[in-house]
Amino acid sequence: MASRARVRAPELVGAGGWLNTGGKDLTLADLRGKIVVLDFWTFCCINCLHVLDELRELEERHRDTVVIVGVHSPKFVHEAEHQAVVDAVARYEVEHPVLDDPALATWKQYAVRAWPTLVVIDPEGYVVAQHAGEGHAHAIERLIEELEAEHEAKGTLRRGDGPYVAPEPVAGALKFPGKAVRLADGHFLVADSGHHALVELAEDGETVVRRIGDGERGLVDGAEPRFSEPQGLALVPAGLELGYDVVVADTVNHALRGVRLADGTVTTLAGTGKQWWQGSATEGPAREVDLSSPWDVAFFDGRVWIAMAGVHQLWAYDPVAGTVGVAAGTTNEGLVDGPAADAWFAQPSGLAVSADGEKLWVADSETSALRWVSRETRSVHTAVGTGLFDFGHRDGAAEQALLQHPLGVTVLPDGSVAIADTYNHALRRYTPPTEEGATGEVSTLATDLREPSGAVLVDGDIVVVESARHRLTRLRLPEEAVRVEAVAHRTQRAATEVAPGTLRLDVVFTAPSGQKLDLRYGPSTRLLVSATPPELLVSGAGPDTALSRELVLSPEVTEGVLHVSAMAASCDDDPAIEYPACHVHQQDWGVPVKLVAGGATRLPLVLAGME
């Protein structure tokens, strides 16, 4: 086994304490003899949710030698609330200890720069690997197998049960519901995400009429179907005969499903059940193309548009032709308007169509933004929101209003848009401008909702999906908005102090043990750099294949964010393997920087390996 730098792992500390340990505070000494994988995550981050799913099988196969520890490191203010972390651990069925680190103390000790980041600690308490982004489970498992062999031989490996203690289950008809639609008979169909099912409720929004799905994760069609954390729902428009009545965004199955309400039969419409990766097909027969965490769906301009949260894009499914493909977005994460093909999104999670069918409204969660797509021009516009790191609860003119990680949008009878402002626990309203060149207004309709994720209009009222209260809540649409004291936030991550002028950017990537860079079809790496504001970068922006680059920062800009997206492909390095397996490693960083004299002249970001 190759020698590794002997770096002692810092202690695990967090002001929020520990979850899933039966009330016990863990230390690294308690974990000595185990292989420890630290998963630095935050529950708003779709890539972090992907990693949770990637780790499930690894966790099961190595349960007697490996302890995975989630270190919850918040981006949004809401994510620093302890109860919100408790809810998220239950929502996403996290079955390992979790350290709640609201002040990012452990994040800073491990010099983490991105969500998600995985750190491997050997049985003697030394850090041996670090991986940013998703797609690293195969490399980590190979390293674990090497560490098991090495420390078994040394006598330093301790087998047996880990410190995980399952929390008490909470009973209820719904568990972290996602979105809902109203059926023709007045009933509600709800995506019961936490129960991996759909639930039909009576007109009161409480009485269970039936369930579609048996409550177990799975991708099973037919009369006894299974789902995995379904979210968005869209009713098939009247007159369109497709053989199903509802389209479901089956999020963790990376699929679209069709449901026939007459008998609850389910059919997979799009997706293979596998997650889309860079290099995969972006269009084609719908059942042959991979998707990535579809979060919501809406019929728009003759197709089913998909909020493809996992790759920061909008896709569209043609139910007649049976094809699917990209409709807007580049896969780069951020807020950039313009032609659909060039626009940037950040985890779009909610969709709604204007009454005239001319606009597709989008809740773009990670930029805390309300955006829209024009049917006529196929261009993307922003109504509310400024970028990845500004958020809060502020009403008034839309150009200065703030949201916090909204997940849902609903068009109201007067043409305004209700926004499920999820992390503000509020229902907000955007009223479009009546004059050309104006910006519109944002107001607050209701507060004291718990993580609202969607809403449905019912006879002049609005029924809100209160996800973290596990219920539907009916509200009167008020004539006047609620007054809320304005609050503005920026991400609490400390800015990296860098010197103006030349800055060396190095993305560190070491191919996992037993693999090499895949050079069969040219360069196997990619690096894309941009900045907010754009004026921060005098030169060095744009794409290239090298993972190192010289940037020139403007001395006229005192602070900003460097956006860095890196990808590397590696394959098995064994000539005896006839069909070597290849893997894609990718990560996006948003690095807040502050320009100061004497600041750093080099910025290292670890994609895989050790810096």
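Results, tabulated for the structure shown:
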| quantity | calculated |
| --- | --- |
| Residue pairs meeting the criteria (Cβ under 7 Å; at least 6 apart or on separate chains; first in the same structural domain as residue 133 (by TED's automatic domain parsing) and β-branched (Val, Ile, Thr), in segment 40-63; second in a helix (DSSP H, G or I) and modelled with pLDDT of 95 or more) | 42/48; 42/79; 46/309; 46/310 |
| Hits in segment 271-289 (condition: part of a loop (DSSP other than H, G, I, E, B), at pLDDT 95 or above, closer than 23 Å to residue 227 by Cβ and among the polar types (S, T, N, Q)) | 272 |
| Top-ranked residue in segment 368-414 [being among the hydroxyl-bearing types (Ser, Thr, Tyr) and outside any loop (DSSP other than H, G, I, E, B); ranked as nearest to residue 455 (Cα to Cα)] | 410 |
| All positions within segment 582-611 that are out of contact with any Lys or Arg (no Cβ under 7 Å at 6 or more places or on another chain), in a loop (DSSP other than H, G, I, E, B) and modelled with pLDDT of 80 or more | 596, 597, 598, 599 |
| Scan of segment 173-189 for residues that are small (Gly, Ala, Ser) and exposed (fewer than 13 other Cβ atoms within 10 Å of the Cβ), ordered by number | 184, 186 |
| Which numbered condition residue 237 fails, given (1) of a type outside the set (Phe, Trp, Tyr); (2) in contact (Cβ under 8 Å) with a residue 60 or more places away in the chain; (3) within 30 Å of residue 209 (Cβ to Cβ); (4) not in a loop (DSSP other than H, G, I, E, B) | (4) |
| Wholly enclosed strands (runs of 3 or more DSSP E) of segment 43-154 bearing at least 3 residues within 30 Å of residue 294 (Cβ to Cβ) | 66-72 |
| Top-ranked residue in segment 356-366 [being touching a residue at least 12 places away in the same chain (Cβ under 8 Å) and more than 15 Å from residue 308 (Cα to Cα); ranked as surrounded by the most Cβ atoms within 10 Å (Cβ to Cβ)] | 359 |
| Segment 10-21 residues that are farther than 21 Å from residue 87 by Cα, paired with ones that are in a loop (DSSP other than H, G, I, E, B) (beta carbon under 9 Å, 6 or more apart) | 10/110; 11/27; 12/26; 12/27; 12/101 |
| Search result, residues across segment 458-481 that are among the aliphatic types (A, V, I, L, M) and under 28 Å from residue 171 (Cα atoms) | 458, 462, 463, 464, 465, 468, 472, 475 |
| Some residue of segment 361-373 being under 25 Å from residue 302 (Cα atoms) and among the acidic types (Asp, Glu) | yes |
| Condition check for residue 29: at pLDDT 95 or above, assigned to a helix (DSSP H, G or I) and farther than 30 Å from residue 310 by Cβ | yes |
| Among (1) crowded, with 23+ Cβ neighbours inside 10 Å; (2) under 26 Å from residue 609 (Cα atoms); (3) not charged (D, E, K, R) - the single one residue 127 does not satisfy | (1) |
| Extreme residue, farthest from the chain's Cα centre (by Cα), among residues of segment 367-389 that are under 24 Å from residue 181 (Cα atoms) and among the charged types (D, E, K, R) | 375 |
| Pairs with Cβ under 7 Å, 6+ apart, first in segment 429-452 and assigned to a loop (DSSP other than H, G, I, E, B), second polar (S, T, N, Q) and surrounded by 22 or more Cβ atoms within 10 Å (Cβ to Cβ) | 451/422; 451/467 |
| Residue in segment 325-348 that is farthest from the chain's Cα centre (by Cα), counting only those that are touching a residue at least 60 places away in the same chain (Cβ under 8 Å) and at negative phi | 332 |
| Tally, over segment 338-367, of residues that are within 21 Å of residue 230 (Cα to Cα) and assigned to a helix (DSSP H, G or I) | 2 |
| Residue among 323, 377 that alone is out of contact with any Ser or Thr (no Cβ under 9 Å at 6 or more places or on another chain), under 22 Å from residue 279 (Cα atoms) and outside the structural domain of residue 74 (by TED's automatic domain parsing) | 323 |
| Any chance residue 163 is in a loop (DSSP other than H, G, I, E, B), buried (at least 23 other Cβ atoms within 10 Å of the Cβ), outside the structural domain of residue 511 (by TED's automatic domain parsing) and not aromatic (Phe, Trp, Tyr) | no |
| Residue, nearest to residue 334 (Cα to Cα), within segment 547-569, restricted to residues that are in a strand (DSSP E or B) and either among the charged types (D, E, K, R) or in contact with a His (Cβ under 6 Å, 6 or more places away or on another chain) (or both) | 559 |
| Sole residue being modelled with pLDDT of 95 or more, more than 30 Å from residue 23 (Cβ to Cβ) and of a type in the set (Lys, Arg), chosen from 217, 159, 211 | 211 |
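The values are calculated or read from the model by the stated rules, or taken from the named source; none is laboratory data. Note that this is a predicted model, so its numbers are computed, not measured. All Cβ positions, even for glycine, are placed from backbone atoms using ideal geometry, and neighbour counts span all protein chains on display.
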